[in-house]
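The values are calculated or read from the model by the stated rules, or taken from the named source; none is laboratory data. Just so you know, these numbers come straight off a predicted model, no measurement behind them. As a convention, Cβ positions derive from the backbone with ideal geometry for all residues, glycine included, and neighbour counts pool all protein chains shown.
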Amino acid sequence: MSNRDEFSQKTKDALRLRASNFCSFRGCERTTSGPSDESPDAVNMTGKAAHIHAAAPRGRRYLVAMTPEERTDISNGIWLCAHHADLIDRDEVTYTADLLRAMKREHELHCDRRHRDALRAGEASADLIAIGPDIVFNGEFLGADRSQWRFHLQDFVDGDLHDLLMFVECFERAPAIDRYVLINSFGDGRVLSTAPSVSKERIGGYTLTCPVYPSAERISAAELPTDFALSEDHDLMPTEDGGIAEVAGADALPQTIKRCLSSQKGESPFHKDFGTRFAEYFRLLAGSPWFEQILKLEVIRQAAIPCIDPLDNRQYTPFLCVERVYGIELLADVPSGNWLPIRLDLEVKGLGRWQRELSICVPKEAVKRTSLDELMAGPLHPIQS
Ligand SMILES: [Zn+2]
């Protein structure tokens with residue numbers, strides 16, 4: 001077994017994204033990946049997620065005191081071109097951990113500024129589109145009818161062409177909950193009815209045709225079921241006669257939303273599909289130009305894509321009555337005591353446009369727990385010593 005503490009694929013992808021696909025080395029600015037012209041599913045990859053403190057003993061800048069978790073954390077990585085990844089591993093006197101961290105910070109700030117300027121000047125496409133949980137791309141909506149949505153795919157933000165083609169090929173075997181398309185600018189999404197088709201355009205880029213089911217059923221806010229009321233400090237509220245206060249209908253909307261957004265996907269052993277990936281995104285993408293847009297896609301998923309209750313097979317969208325997501329805004333950079341204030345701007349069935357500030361729970365520690373069913377259903381691995 002290797003004794004190297006390697007980054008996970010998710011961490012590598014996030015490092016690449018945060019660096020906007022450019023080498024982070026001061027003054028380099030080489031682009032580190034792009035679609036290959038040789039074959040439709042090949043991608044030129046010249047970038048590397050390099051370790052600041054080495055992944056294994058005797059590597060450069062290795063720190064004995066670090067735990068494997070710290071060594072594989074995104075904070076210990078820097079995205080570089082192949083040339084500069086080699087260079088920093090030949091010379092640790094010049095390329096100290098402090099210098100590398102400074103370069104990384106500068107480059108990420110530069111990417112963030114450039115992205116915001118481009119958006120303001122209308123040069124960058126503001127539209128992010130998600131296909132399933134692992135693919136997000138910059139693209140343009142080309143048209144729709146009741147049964148299909150079509151897009152022009154410009155470049156990948158998360159995943160790559162290989163992942164997209166795998167998604168198409170393995171569509172029938174993918175969990176039902178992962179078969180969806182979300183569009184940031186619409187604030188809406190659909191369940192895919194069959195696999196999307198991908199075709200290469202002569203002028204560059206790809207056209208993606210997504211067969212979709214009609215919009216998921218929503219209930220009116222007035223029909224929201226009875227729920228326990230929650231106080232300002234997120235606790236149950238006793239009533240004067242010794243019971244617990246309840247709310248229903250439109251009054252139950254804030255906490256329906258709060259509960260969904262505060263649950264981390266995979267956290268509940270009884271309903272592993274329920275919840276969001278906010279904690280994961282926070283750990284990997286906070287401070288990058290895509291962060292709020294990727295969070296918005298995740299909110300759209302809660303509004304538009306049904307999950308399936310494992311107990312009674314009932315299908316429902318987690319927000320139940322939200323028809324469209326106009327926006328999510330973070331009102332603080334970091335959670336305070338795990339609570340993060342946000343502002344939501346939504347279209348709610350029966351209420352119309354609904355804007356509200358609320359706090360959601362985003363645990364600072366990365367949430368990664370194996371659910372009970374995964375443990376019980378998973379294959380047995382021989383224990384390696
Ligand atoms: Zn470079």
For the stretch 28-44, what are the residues that are at pLDDT below 90 and either within 14 Å of the ligand (Cβ to nearest atom) or not in a strand (DSSP E or B) (or both)? 29, 30, 31, 32, 33, 36, 37, 38, 39, 40, 41, 42
Of all residues in the stretch 277-324, which are under 10 Å from the mean Cα position of the chain (by Cα), among the aromatic types (Phe, Trp, Tyr) and crowded, with 21+ Cβ neighbours inside 10 Å? 278, 282, 290
Do the conditions hold for residue 53, that is, is it touching a Lys or Arg at 6+ places or on another chain (Cβ under 9 Å), more than 30 Å from residue 306 (Cβ to Cβ) and within 16 Å of the ligand (Cβ to nearest atom)? no
Residue 206 - would you say it is buried (at least 17 other Cβ atoms within 10 Å of the Cβ), under 18 Å from the mean Cα position of the chain (by Cα), closer than 26 Å to residue 290 by Cβ and among the hydroxyl-bearing types (Ser, Thr, Tyr)? no
Could you run through the stretch 252-271 and say how many residues are assigned to a loop (DSSP other than H, G, I, E, B) and in contact with a Leu (Cβ under 9 Å, 6 or more places away or on another chain)? 3
Of everything in the stretch 43-74, what is among the hydroxyl-bearing types (Ser, Thr, Tyr), surrounded by 13 or more Cβ atoms within 10 Å (Cβ to Cβ) and free of Cβ contacts under 8 Å to residues at least 40 places away in the same chain? Give them in sequence order. 46, 62
Can you name the residue in the stretch 1-25 that is aliphatic (A, V, I, L, M) and within 16 Å of the ligand (Cβ to nearest atom) and is also nearest to residue 62 (Cα to Cα) among such residues? 15
Enumerate the helices (runs of 4 or more DSSP H) found wholly within the stretch 272-385, keeping only those where 1 or more residues are modelled with pLDDT of 85 or more and among the aliphatic types (A, V, I, L, M). 278-285, 291-304
